[in-house]
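Input: a single structure, listed below in structure tokens.
The values are calculated or read from the model by the stated rules, or taken from the named source; none is laboratory data. Small disclaimer: the values here were computed from a predicted structure and weren't measured. Here the Cβ positions follow ideal geometry from the backbone for every residue, glycine too, while neighbour counts run over all protein chains shown. The protein model used for the area step is the full one, side chains on, heavy atoms only, and it has no ligands, DNA or RNA in it. Shrake-Rupley method; radii C 1.70, N 1.55, O 1.52, S 1.80 Å.
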Amino acid sequence: MPHTRYDSLIFDLDGTLWDSTQTIADAWNDASSQFDFVDLQLIQQDIRNIAGMPYDEIYHKLFPDLNLEQREQLQRTAARLELAYLQERGGELYPQLQETLELLQTAYNLFIVSNCQSGYIETFLQYYGLQSYFTDIACYGDQSLPKSENIRAVVQRHNLQRPVYIGDTQGDYAASVQAGVPFILARYGFGKVEAEVPGIDALTELQELV
């Protein structure tokens, strides 16, 4: 693969590399059933609708009627069960992910930056044995930093000169703009972007675009 305008690829996770929404919905419903103050059954689409939001904000959006203590109780339980469910079941990888990463790794440093909780990216990598493809990861849960700051931190940490961020939501695009990093839209993912940006309809198209 010839070298091109980028020296590194920074990926979003949910809606870009995999779809774990059914597993997460099941885990959060299990958590909700343990508290008598929650009366909400989530479906896969509910999780897709909040994909990309900072982890703490998700609970404000999905459970606005809970007080702070209730929300924190639910969040702690849901977060624990989410990782346990994902460690047991995984999610759904987008087609030819590993083959694409293997090819891209020969020409680029690869990274993941997500708005998820701590341990989530690690669970994804461990479940599928993908650790060796990625140079570094960063997430909201580690230091409660917004995605733009985590993208910027990865760029600075590794002295990246020509990075690009690949994501699937308006929030991903906004974060890349704030971080001063070009953006590629994963059109097969969960969201849409109200801007003219380059995009891909499958992961395999990435090797042609970058």
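Would you call residue 202 more than 15 Å from the chain's Cα centre (by Cα), open to solvent by less than 50 Å² (accessible area, probe 1.4 Å) and at pLDDT 95 or above? Yes, satisfied. A search for C-beta distances below 7 Å between a residue of the range 157-170 that is within 14 Å of residue 52 (Cα to Cα) and of a type in the set (Phe, Trp, Tyr) and any residue that is outside any loop (DSSP other than H, G, I, E, B) and open to solvent by 70 Å² or more (accessible area, probe 1.4 Å), counting only pairs 6+ apart in sequence or on different chains, returns nothing.
Has the range 148-155 got at least one residue that is closer than 28 Å to residue 37 by Cα and among the small types (Gly, Ala, Ser)? Talk me through it step by step, then tell me what you get.
To start, the set of residues in the range 148-155 that are closer than 28 Å to residue 37 by Cα comprises none.
Scanning the range 148-155, I find no residue that is closer than 28 Å to residue 37 by Cα and among the small types (Gly, Ala, Ser), so the answer is no.
One residue alone among 87, 73 is touching a helix residue (DSSP H, G or I) at 6+ places or on another chain (Cβ under 7 Å) and at pLDDT 90 or above, and that residue is 87. Checking the condition touching a helix residue (DSSP H, G or I) at 6+ places or on another chain (Cβ under 8 Å), in the same structural domain as residue 203 (by the TED database), in contact (Cβ under 8 Å) with a residue 60 or more places away in the chain and farther than 20 Å from residue 199 by Cα, which residue from 115, 150 passes? Every option except 115 fails the conditions. Go through (1) of a type outside the set (A, V, I, L, M); (2) part of a loop (DSSP other than H, G, I, E, B); (3) more than 25 Å from residue 160 (Cβ to Cβ) one by one and return the number of the condition residue 5 breaks. So the condition that residue 5 fails would be (3).
Among the residues of the range 137-145, is any part of a loop (DSSP other than H, G, I, E, B), open to solvent by less than 60 Å² (accessible area, probe 1.4 Å) and closer than 16 Å to residue 13 by Cα? It would help to see each step written out before you state the result.
Just the residues of the range 137-145 that are part of a loop (DSSP other than H, G, I, E, B), to begin with: 144-145.
When the remaining residues are screened for being open to solvent by less than 60 Å² (accessible area, probe 1.4 Å), the result is 145.
Adding the requirement that they be closer than 16 Å to residue 13 by Cα leaves none.
No.
Of all residues in the range 8-22, exactly one satisfies the criterion of being assigned to a helix (DSSP H, G or I) and crowded, with 20+ Cβ neighbours inside 10 Å, namely 21. If I filter the range 30-52 for residues that are assigned to a helix (DSSP H, G or I), aromatic (Phe, Trp, Tyr) and touching a residue at least 40 places away in the same chain (Cβ under 8 Å), do I get at least one hit? No: zero hits.
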